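Have a look at the structure below, then the notes.
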Amino acid sequence: LEGSENFSFSSSISFIPFFSRRIGLFEGGQVPVRFGAKLYGKIGNTNISALDVQTGDYPGLPGTNMFAARLSQNIFSESKVGLIFTNGSPTGEPNTLAGLDFNYSSSRFLGNKNLMLAAWAAQNWNEKPGNHQGFGFRANYPNDLWNVESTYAYYGEALDPGLGFMLRPSIQTFFVS
């Protein structure tokens, strides 16, 4: 789990392109991990993370290679723009995903107020028919007197983060509080 925060993508809780606990599990059973390598760190304002894991054969499932990489750049004083790439799936099905996200945060909006704006987009390549794209936006104004948040997300019917988590495909969500 060390360094897992480097893989965090956007501020969405219903779309997570990479969730490391999916690796090594299949239908409740533990799949043998043959080898794995992880790299994470920071060079200046650039955050780098990569994980490559090879699993062994498991009843009903051939050995599979799974790879995830995340590159993000700290910009302004509290914000970030980044890329994510995953390849593989615990089920052994072909699955590749690429995504782009932007998170703007400020604790000095209008002098002393907090403001968070975020946007993400992802494209998935798998064997499922349909739209393989998803995107979302979020605006959050979390302050003492006013605490307002709004989100919108679209998930194509064939979007499937093989190494991650998604609420469900083929929906649009909109939320204001």
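The values are calculated or read from the model by the stated rules, or taken from the named source; none is laboratory data. Note that the structure is a prediction, hence the values are computed from the model and not measured. Using ideal geometry, Cβ is built from the backbone for each residue, glycine included, and neighbour counts are taken over all protein chains shown. Calculation scope for accessible area: heavy atoms of the full protein, side chains included, ligands and nucleic acids excluded. Shrake-Rupley method; radii C 1.70, N 1.55, O 1.52, S 1.80 Å.
Order Ser11, Ser72 by their accessible area, 1.4 angstrom probe, all chains in place, largest first.
Putting Ser11, Ser72 in descending order of accessible area: Ser11, Ser72.
Setting aside same-chain residues fewer than 8 positions from Lys128, which aspartates and glutamates have a Cα under 14 Å from its Cα?
Within the straight-line limit of under 14 Å, Lys128 reaches these aspartates and glutamates: Glu93, Glu157, Asp160.
Compute the distance in nm between two label points, each set 7 Å from the Cα along the Cα-to-Cβ direction, one at Leu25 and one at Ile13.
Placing both labels 7 Å along Cα→Cβ, they lie 1.9 nm apart.
At 1.4 Å probe size, with the rest of the protein present, what percent of the exposed accessible area of segment 1-155 is carbon and sulfur atoms?
On the way: 5200 of 8690 Å².
Summing carbon and sulfur atoms, their accessible area is 60 percent of the total for segment 1-155.
Just need the relative contact order of the chain here, percent rounded to a whole number, with Cα pairs under 8 Å and 6+ apart.
Relative CO of the chain lands at 18 percent.
Which part of segment 135-167 falls in the paramagnetic zone of Lys113, meaning amide N under 15 Å from the point 7 Å along Cα-to-beta-carbon?
Flagged as within label range: 139-150.
Once you've got the GNM for the chain with C-alpha springs shorter than 10 Å, pick whichever of Asn126, Asn147, Asn95 has the biggest mean-square fluctuation.
Asn147
Using alpha-carbon positions, what is the distance between the centroids of segment 69-99 and segment 2-56, in Å?
Each part's Cα centre sits 10 Å from the other's.
Which value in nm describes the separation of the simple spin-label points at Asn74 and Val33, placed 7 Å from the Cα toward the beta carbon?
Here the answer is 2.8 nm between the modelled labels.
Given Cβ point charges of +1 (Lys, Arg) and -1 (Asp, Glu) and nothing else, what value in debye, to the nearest 20, does the dipole of the chain about its Cα centre take? Mind showing how you got there, number by number?
Values: 12 positive and 13 negative charges, 74 e Å.
I would put it at about 360 debye.
What is the pair-distance distribution P(r) of the chain, computed from all Cα-Cα distances in 5 Å bins starting at 0, with each bin given as a whole percent?
Reading the bins upward from 0: 2, 8, 16, 18, 17, 15, 11, 7, 4, 2, 1, 0.
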